[in-house]
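Read the structure below first, then the notes.
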Amino acid sequence: MSAAAIRFEDVTITYDRHPAVHHVSGVFAPGSLTAIAGPNGAGKSTLLKALMGALPLAEGRIDRGGLAISDFGYLPQAAEIDRNFPLSVAEAVLLGAWKRIGAFGSVPAAVAAKAREALSAVGLAGFEGRPISSLSAGQFQRVLFARLLLQDARVLVLDEPFAAIDARTTRDLLEIVRRWHGDGRTVIAVLHDFEQMRAYFPQTLLLARENIGWGPTEAALSPLNLKRAEAMLETIDEDAALCAPAKGTGR
């Protein structure tokens, strides 16, 4: 499975007309495995939300290579997910099949079997009936990866997928990421662990609201680039003059 190239062309994203990401250009190649790195406040999650169509562009354009948003599998940060919603593990995983069965459609036997296979692949066989509110952070993240496995998306977009989970769960989920990459899917993940990036992610975008480095991970995470990223955020004036209103969203 080979996804199309995803292109960012002079992308600027603002909050209340203050730039959160500005003038970012570059390409996620088909089938690439890319980490997005940068200091806190660098605009990493903002960039992913714009890619998923959840934030408008102040300037520039994102070319998704002819793919619809529904062709992307998106995992937001854990803090953005309400784990108290009354869902069982099986129901949460089956949300990955909504494109095939609809929001209120009955679940075909083949899809239910695929959901069980996905749970087994993430180490949660037999958890189908448990409420998601009863799970540990690591178990819940495994459920979300099982949902992505069932969705079978061509592009996977992961926002801090390994934050606040145990080392064993991280290793197991990284193997799933490797499998996606081996299948030719495009995987984009916001990460904080540089050693993890160097070990598992051949490509990296280093962001400090601007593109500091985008390419092979060792080059993108060079000591000079890391110093530049930190220095750029330290000099940002949050009270600077507002950007001019955009003429269009550029989506």
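Structural remarks
- Long-range Cα-Cα pairs in the chain (distance over 28 Å), rounded percent: 35 percent
- Dipole of the chain, positive end: most advanced residue of 187, 215, 79 [Cβ charges, Cα centre]: 187
- Where labels lie 7 Å past Cα in the beta-carbon direction, separation of residue 85 and residue 27 in nm: 3.7 nm
- Ordered by the number of other Cβ atoms lying within 10 Å of each residue's own Cβ, fewest first, 200, 15 fall into the sequence 15, 200.
- Length gained when the stretch residue 230-residue 18 is fully extended (0.36 nm per residue, less Cα-Cα span): 74.4 nm
- Label sites at residue 101 and residue 179, each approximated as a point 7 angstrom past Cα along Cα to Cβ, lie 2.0 nm apart.
- Nearest-ten-degree value, helix 109-121 long axis tilted from longest Cα axis of the chain: 70 degrees
- Compactness of region 1-112 was expressed as the Cα radius of gyration divided by 2.2 N^0.38 Å, which yields 1.28.
- Per-residue ellipticity at 222 nm, computed for the chain from helices alone with -39500 (n - 2.57) per DSSP H run of at least four residues, works out to -9500 deg cm²/dmol.
Coordinate-derived values only; no laboratory data. Keep in mind it's a predicted model, so treat the numbers as computed, not measured. Because the Cβ atoms are built from the backbone with ideal geometry, glycine has one as well, and the counts that use them run over all protein chains shown.
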